[in-house]
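What follows is one structure encoded as structure tokens, with my remarks underneath.
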Amino acid sequence: IPAPAVTVWTYMPMSYGESLLLSTLALWLAARVVRFGTAKGRLAAFALVGGLAFWTSLLTLAAVVPAAVWIGARRSRELRSAAAWVSGAAAFLLGSLPWWLFNIVHGFPSLRSEFATELATDAVANLGVRPTVGGPKLLLETHLFDVQRDIYGQHLRIALIEFIRPER
């Protein structure tokens, strides 16, 4: 895990900082639950942070799921009560509620494969102030290589793979 300064210096728009923070917080809360038990809302706090982490990025499950398994292995007696399960599930649902609401309304785009459209291809893009036509409007222009079909008016997901140079 990089130092916090690296997080600031290399911040990308993919919520890296938030994912790192919430994953670390979930691990810390899991350690508190394992050490001190599920009382005083510790389990609910872990579940709430786990839900927030899930909402931020599905990659945080790589930290939250093993932490939950660790809690289950060490505090199995306390987790046998329905109250623990209800409070944990409610807190997780509350933390991840924005993810669920967005996906229910929009048909679960967070779970779609990029290859489902059969359009995964190499491309080059320019983010700037109307790069081909003068004007004050900020635009992202993307040229897709080897696309032979009409995609005008279709929604595309563009991912930045490598930065080449700033706009001139």
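Derivation of every value follows stated rules applied to the coordinates shown; laboratory data play no part. Quick caveat, the model's predicted, so the values are computed rather than measured. Ideal geometry is used to build each Cβ from the backbone, glycine not excepted, and the neighbour counts take in all protein chains shown.
Numbers at a glance
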{"item": "Amide H contacts under 5 Å for residue 123, placed H, 5+ residues apart", "result": "145"}
{"item": "Förster-model FRET efficiency, 41 Å R0, residue 102 and residue 77, C-beta, rounded to 0.05", "result": "0.65"}
